[in-house]
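Okay, so here's the structure we're looking at.
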Amino acid sequence: MGCLVPAAGLGLRLGAGRPKALVDLAGEPLLVHAVRALRACPLVGPVVVAAPVGDVPAVTDLLAPYDVVVVPGGASRQESVGLALSALPPGVDLVLVHDAARCLVPGSVVGAVIEALLAGADAVVPVVPLADTVKHVDGTRVLGTVDRSGLRAVQTPQGFRRDVLVRAHAAGIVGATDDASLVEALGGPVVTVPGHAEAFKVTGPFDVVLAESVLARRAAPGGRHAR
Ligand code: CTP
Ligand code: MG
């Protein structure tokens, strides 16, 4: 089981003045938390990290204990995943793609995605129901309320048969915000497994507060990792 980790984003919404992957959470860079979460899963083999172009040497040093390959990322998430995919060693038939920004993903979510792949799925995404009411708008005018019962928010890791992911990335589709949507665009089947609140994406400043409080709870006496 290979794993690609897009970590090359600028983190503009976080606004920390440096790439999000290198921002500290409870004393360690976000990317270290993310790679550690993946390495905690015994079935995860080769890991390829797409790092911010100017930070490849620093990221290589940072991740030296975790046996990963570091490549320079691209201008978009999709490009970064494509570049990491090109660096995945041969002989790896199943691949996870995991956003570094979902750095606290519980092992149960990684395990559920892997299990679905091993059971034969072409493409797998972890999902959670929406908590908020969702409205369709035009500027400030509300056009209507969307029935959220059939909607899901999608997390990572997403899992793929390698040949399916390679074909999806070679299809010339632009602007995708995840990898499963590339498979969907080609008409391929994608299945869901349960995601988890702790697999949230660190995006803005509040998410750092949330992440540090999750880490503090895990580190507290009797604190346990989410299942
Ligand atoms: N990513 C990447 N290469 C890019 C852009 C994003 O590898 N050119 C990665 C990010 O590092 C992150 C994941 O894709 O792990 C999800 O992206 P996002 O949360 O949007 O992170 P950023 O692009 O860094 O943040 P922002 O959009 O606020 O600048
Ligand atoms: Mg982004």
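The values are calculated or read from the model by the stated rules, or taken from the named source; none is laboratory data. Everything quoted here is computed from the prediction, not taken from an experiment. Ideal geometry is used to build each Cβ from the backbone, glycine not excepted, and the neighbour counts take in all protein chains shown.
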*Hey, can you tell me all the residues within segment 183-227 that are in contact (Cβ under 8 Å) with a residue 24 or more places away in the chain, more than 12 Å from L104 (Cβ to Cβ) and in contact with a helix residue (DSSP H, G or I) (Cβ under 7 Å, 6 or more places away or on another chain)?*
V183, G188, V190, V191, V193, P194, G195, R227
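In segment 154-172, which residue that is loosely packed, with under 15 Cβ neighbours inside 10 Å and at pLDDT 95 or above is nearest to H196 (Cα to Cα)? Before the answer, list the steps.
Here is the first cut: in segment 154-172, the ones loosely packed, with under 15 Cβ neighbours inside 10 Å are 163, 170-172.
From the residues that got through so far, the ones that are at pLDDT 95 or above too are 163, 170-171.
Numbers: D163: 28, A170: 30, A171: 31 Å.
Only one residue fits best here, namely D163.
Of the residues A50, A37, A64, which is of a type in the set (G, A, S) and either at pLDDT below 95 or in contact with a strand residue (DSSP E or B) (Cβ under 7 Å, 6 or more places away or on another chain) (or both)?
Only one candidate qualifies: A50.
Here's the yes/no breakdown for (1) within 15 Å of ligand 2 (Cβ to nearest atom); (2) over 19 Å from S80 (Cβ atoms); (3) in a loop (DSSP other than H, G, I, E, B):
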residue: A21; (1), (2), (3): yes, no, no
residue: A37; (1), (2), (3): no, no, no
residue: P42; (1), (2), (3): no, yes, yes
residue: G45; (1), (2), (3): no, yes, yes
*Any chance segment 49-60 includes a residue that's in contact with a helix residue (DSSP H, G or I) (Cβ under 8 Å, 6 or more places away or on another chain), among the charged types (D, E, K, R) and free of Cβ contacts under 8 Å to residues at least 40 places away in the same chain?*
yes
_Looking only at segment 195-221, filter to residues that are farther than 22 Å from L10 by Cα and surrounded by fewer than 12 Cβ atoms within 10 Å (Cβ to Cβ); which one of those is nearest to the chain's Cα centre (by Cα)?_
S213
*Which of the residues spanning segment 4-42 are away from ligand 1 (no atom under 11 Å from the Cβ) and in contact with a Gly (Cβ under 8 Å, 6 or more places away or on another chain)?*
A37, A40, C41
*Within segment 73-100, considering residues that are among the small types (G, A, S), within 10 Å of ligand 1 (Cβ to nearest atom) and in a loop (DSSP other than H, G, I, E, B), the one nearest to G54 (Cα to Cα)*: G73
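Search segment 47-72 for residues being of a type in the set (A, V, I, L, M, F, W, C) and in a helix (DSSP H, G or I), and hand back the single one that is surrounded by the fewest Cβ atoms within 10 Å (Cβ to Cβ).
If we take residues in segment 47-72 being of a type in the set (A, V, I, L, M, F, W, C) and in a helix (DSSP H, G or I), then A64 is surrounded by the fewest Cβ atoms within 10 Å (Cβ to Cβ).
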